[in-house]
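Every read-out reported here was derived from the displayed coordinates using simple, explicitly stated rules and does not represent laboratory data. The model shown is predicted, which means the values in this text are computed figures rather than measured ones. All Cβ positions, glycine included, derive from the backbone under ideal geometry; neighbour counts span all protein chains shown.
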Amino acid sequence: MNFFQYQDNELYAEQVPVKQIADEVGTPVYIYSYNTLMRHFKAFDAAFASLDHLVCFAVKANSNLAILKSLAQAGAGMDIVSGGELYRALAAGVNPEKIVYAGVGKTQTEMEYALKSGVLLFNVESQAELQSLNQVAGQLGVKARVALRVNPDVDPQTHPYISTGLKENKFGISINQAIQEYQAAARLENIQVVGVHKHIGSQITEVGPFVDSVGKIVDLIKQLRGMGLDIQYLNLGGGLGITYDDETPPSPENFAQAIMPLINELGGCKVILEPGRVIAGNAGILVARVMYKKTTPAKGFVIVDAGMNDLIRPSLYGAYHKIIPLHKEKRPEVEVDVVGPICETGDFLAQKRTLPEFRRGDLMAVMSAGSYGFSMSSNYNSRPRAAEVLVCDDKYYVIRQRENFETLIQGESVPGFLQ
Ligand SMILES: *Cc1c(COP(=O)(O)O)cnc(C)c1O
């Protein structure tokens, strides 16, 4: 359920006509709906109400300060994967005691920053990282609270690039070696082992992989506790899928119901969840304007002012995003490729898509773009990145200015010998 709906054939974001924003702010533009974001967060949070739990939004899905602030005010913690994301979370006023830090390649500088900030937990992904963290914590005279990220070797049945819980993936430690790794971790002086973390992938549309992996992790926690380790946190990661096209992912309630009996076997464990996509994905759209049309003997192209630098998911994962006109009227349906201005054949938003005929100057909405949209955007082809807008009820707010040519070259310099 989201608040991007037609009223009298005009697309609205909550009570604001999307065309008004496109005309006033320009295109391409990302538009988020505050009330959709809140609705998704609250539904997810409520599904786990019967457990002692913390929902940490995966910052990499959408890292805009206003989005982070909105979620933090609603009670969310944050799941971060870099020092930059920590900086953003703190800048948005997130309580560090609600921040968990994952990632296979944390630098010692990042570790120091996170320890000084007082984050709740490090999700550690290897023995070498553990040694490194132990050293940094020792230098600061603190103890680092740690969950080891365990790779349960479960197939999430999603795109290979967003599968993380298979034994051939780079993430976590193998569940078969987990006991030894935990024993080794417990011996480190400046490490306090308090949890188990797993995250098996993204855009998962069945409960099966979640149930299988949670079952394995719960068994592991029982064993660890049997060995005398004080495991207080069970971090289930993120990964719940959304509807882009015709997927029918489990609702947060169904997801929670499916795994709750397993968690209850532990008789007391604080549960952390790290949803990203399911919170922000359908709370955002990307709006683009049709610049040209072109028909080759092979096919028809609609050339728009948003490209793969703005939304890379179609190019990177072959991802499907629904495309709809901002103004709905009777038009013939045609099969086209919707492409951007970038000098790459891989620069497309849709391929072989049957859409109502678009004409020059028309506006279109690329749906479900609130997660891994702007946050994955780049300046490729020296294109200033798009503006971001947050709509709440009948008002809209620019939450990120469109970049310009000056910001494009900011930080670059030409050395003296070239002058
Ligand atoms: C990316 C990521 C998430 C969020 O995944 P979604 O599919 O967006 O829910 C959560 N935890 C970790 C460790 C991640 O890397």
Treating the angle as unsigned and between 0 and 90°, give the value, to the nearest 10°, between the Cα long axis of helix 252-264 and the longest Cα principal axis of the chain. 10
Enter the angle in degrees (range 0 to 90, nearest 10) between the Cα long axis of helix 208-226 and the first principal axis of the Cα atoms of the chain, meaning the one along which they spread out most. 20
Going 7 Å from the Cα of V398 toward and past its Cβ, which residues in the stretch 1-43 have a backbone nitrogen under 20 Å from where you end up? 13, 16-34
Evaluate the distance, in nm, between pseudo-label points positioned 7 Å from the Cα of D219 and of T295 along their respective Cα→Cβ axes. 6.1
Within 12 Å, Cβ to Cβ, of V398, how many net charges do the neighbouring residues add up to if Lys/Arg are +1 and Asp/Glu are -1? +1
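So what is Rg over Rh here for the stretch 55-137, counting just Cα atoms and using Kirkwood for Rh? List each step's numbers first, then the result.
Working: Rg = 12.2 Å, Rh = 12.6 Å.
Using Cα coordinates only, the ratio equals 0.97.
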Between A43 and E344, what's the calculated FRET efficiency when r is the beta-carbon distance and R0 is 41 Å? Round to 0.05. 0.60
With angles folded into 0 to 90 degrees, how steeply does helix 34-47 sit against the dominant principal axis of the chain? Use alpha carbons for both and round to 10. 30
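Charges only on Cβ, +1 for Lys and Arg, -1 for Asp and Glu: so what's the dipole of the chain about the Cα centre, in debye to the nearest 20?
About 260 debye.
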Given the C-alpha centroids of the stretch 55-108 and the stretch 325-404, what is the distance between them in whole angstrom? 26
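Assuming 0.36 nm per residue, please report the length gained on full extension of the stretch N9 to D52 beyond their Cα-Cα distance.
On the way: separation 43, 0.36 × 43 = 15.48 nm, distance 4.49 nm.
Once the chain is fully extended between N9 and D52, it gains 11.0 nm.
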Along Cα→Cβ, 7 Å out, is where each label goes; now give me the distance between the ones at S117 and E189 in nm to one decimal. 2.8
Magnitude of the Cβ-charge dipole (Lys and Arg +1, Asp and Glu -1) of the stretch 1-150 about the Cα centre, nearest 20 debye, reported as 460
The simple spin-label model distance between E406 and E24, using points 7 Å out along Cα→Cβ, in nm, is 2.4
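Once the piece of chain linking S413 and E357 is laid out straight, how much longer is it, given 0.36 nm per residue of separation minus the C-alpha distance between them? Spell out each step's value before the answer.
On the way: separation 56, 0.36 × 56 = 20.16 nm, distance 4.59 nm.
Gain on extension, S413 to E357, equals 15.6 nm.
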Dipole axis of the stretch 63-275 (+1 Lys, Arg; -1 Asp, Glu on Cβ), positive-most option in L115, T205, S251: L115
Which whole-angstrom value gives the distance between the alpha carbon centres of the stretch 234-301 and the stretch 182-223? 21
Farthest positive-ward along the chain dipole, Cα basis, beta-carbon charges - from P156, G416, V136: G416
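Would you calculate a helix-derived [θ] at 222 nm for the chain, using -39,500 (n - 2.57) for each DSSP H run of n ≥ 4 and dividing by the full residue count, to the nearest 500? Provide the component values of the computation, followed by the final result.
On the way: 12 runs with 119 residues, N = 419.
So the helix-based figure for the chain works out to -8500 deg cm²/dmol.
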Taking only C-alpha pairs under 8 Å that are 6+ residues apart, what is the relative contact order of the chain in percent? 19
Would you mind getting me the FRET efficiency between E247 and Q139? Use the beta-carbon distance for r and R0 = 41 Å, nearest 0.05. 0.30
